[in-house]
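Since the structure comes first, as structure tokens, the remarks are kept for the end.
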Amino acid sequence: REDSPMQDLNYLIGMTAIAAFAMSGVLAAARKDMDIIGLAFMGVVTALGGGTLRDLLLNVPVFWVLDFNYVWVAIGASISAFFLEKYLRDENIWAAILYLDGFGIALFGVQSIDKALLLGFSAPVALVMATLTGIGGGLIRDVLAQRPNLLLSREIYATPIIVGSLFYLALLGLSGKTPLTSVAGIAFTFIFRALAIYRHWRMPKWLTLRSHFNG
């Protein structure tokens, strides 16, 4: 089947998101004693780790094995982030990377759900795959870098993926797979994550375990 303009656009956006994932991975893992190889590896793991875990669990060919351009983009973005690290930490540039990262998790979340459902898996499995795709790479990076991982913080990161995935699955149940439902699913997750970034949302203290111990 020939590629449609929409597929080409999704591919371009996906590559941009991979670059944002890699850059955010480098900046999150960076320490003064890390060399370019170590940080490039961290960036690639962040960018590709979630999708790799998803495809392994779904027992399908890993996406970057089928198209190695994903790896080249991740490597290029990671090396760029290494040399431009002090500039990328500028508040405005870092915010732009976070928003691109948020758009990436929204896009890949919808794509992961579509992939799982197309393979005949249930909606709950599709939800898990979308969440794993969004946070898997970051979790692997944090374990390797020996830093507190996303799930140990109150940052609103996984929540938009989960809520957005539930919203998209509900739309699929109501109206089936259409370009409009895909756009709506991506938009919902991205807007949720963007608001969390812009307003510096954190999980309410009453929903943390510490609050129960202190209470």
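The values are calculated or read from the model by the stated rules, or taken from the named source; none is laboratory data. All values derive from a computational prediction rather than experimental measurement. Because the Cβ atoms are built from the backbone with ideal geometry, glycine has one as well, and the counts that use them run over all protein chains shown. These accessible areas exclude ligands, DNA and RNA; they are computed on the full protein's heavy atoms, side chains included. Shrake-Rupley method; radii C 1.70, N 1.55, O 1.52, S 1.80 Å.
(1) more than 21 Å from G43 (Cα to Cα); (2) at pLDDT below 75; (3) open to solvent by 40 Å² or more (accessible area, probe 1.4 Å): which one isn't true of S153, the others all being true?
Checking S153 against (1) more than 21 Å from G43 (Cα to Cα); (2) at pLDDT below 75; (3) open to solvent by 40 Å² or more (accessible area, probe 1.4 Å), the one that fails is (1).
So, in the range 79-115, exactly how many residues are under 19 Å from the mean Cα position of the chain (by Cα) and among the polar types (S, T, N, Q)?
2
Hey, can you tell me all the residues within the range 31-61 that are touching a helix residue (DSSP H, G or I) at 6+ places or on another chain (Cβ under 6 Å) and under 18 Å from G76 (Cβ atoms)?
Scanning the range 31-61 gives I36, L39, A40, M42, G43, V44, V45, T46, A47, L48, G49, G51.
With the structure loaded, tell me whether M15 is out of contact with any Pro (no Cβ under 9 Å at 6 or more places or on another chain) and surrounded by fewer than 20 Cβ atoms within 10 Å (Cβ to Cβ) or whether it fails that test. Even if it seems obvious, please write down each step before you answer.
Numbers: out of contact with any Pro (no Cβ under 9 Å at 6 or more places or on another chain): yes; surrounded by fewer than 20 Cβ atoms within 10 Å (Cβ to Cβ): yes.
In short, yes.
With (1) more than 13 Å from the chain's Cα centre (by Cα); (2) open to solvent by 40 Å² or more (accessible area, probe 1.4 Å); (3) at pLDDT 90 or above; (4) not small (G, A, S) as the list, and I162 as the residue in question, which single condition is left unmet?
(1)
Being surrounded by 20 or more Cβ atoms within 10 Å (Cβ to Cβ), over 15 Å from G14 (Cβ atoms), touching a helix residue (DSSP H, G or I) at 6+ places or on another chain (Cβ under 6 Å) and of a type in the set (F, W, Y), is that true of even one residue in the range 68-90? Walk me through how you get there before you give the answer.
So in the range 68-90, the residues surrounded by 20 or more Cβ atoms within 10 Å (Cβ to Cβ) come out as 70, 73-74, 77-78, 81-82.
Going one step further and asking which of them are over 15 Å from G14 (Cβ atoms), we end up with 78, 81-82.
Checking the rest, the ones that are also touching a helix residue (DSSP H, G or I) at 6+ places or on another chain (Cβ under 6 Å) come to 78, 81-82.
With of a type in the set (F, W, Y) added as a condition, the list becomes 82.
Yes; the residues of the range 68-90 include at least one that is surrounded by 20 or more Cβ atoms within 10 Å (Cβ to Cβ), over 15 Å from G14 (Cβ atoms), touching a helix residue (DSSP H, G or I) at 6+ places or on another chain (Cβ under 6 Å) and of a type in the set (F, W, Y).
Take L100 and tell me if it is at pLDDT below 90, surrounded by fewer than 17 Cβ atoms within 10 Å (Cβ to Cβ) and within 16 Å of T46 (Cβ to Cβ).
Values: at pLDDT below 90: yes; surrounded by fewer than 17 Cβ atoms within 10 Å (Cβ to Cβ): no; within 16 Å of T46 (Cβ to Cβ): yes.
Taking the combined requirement at face value, the residue does not satisfy it.
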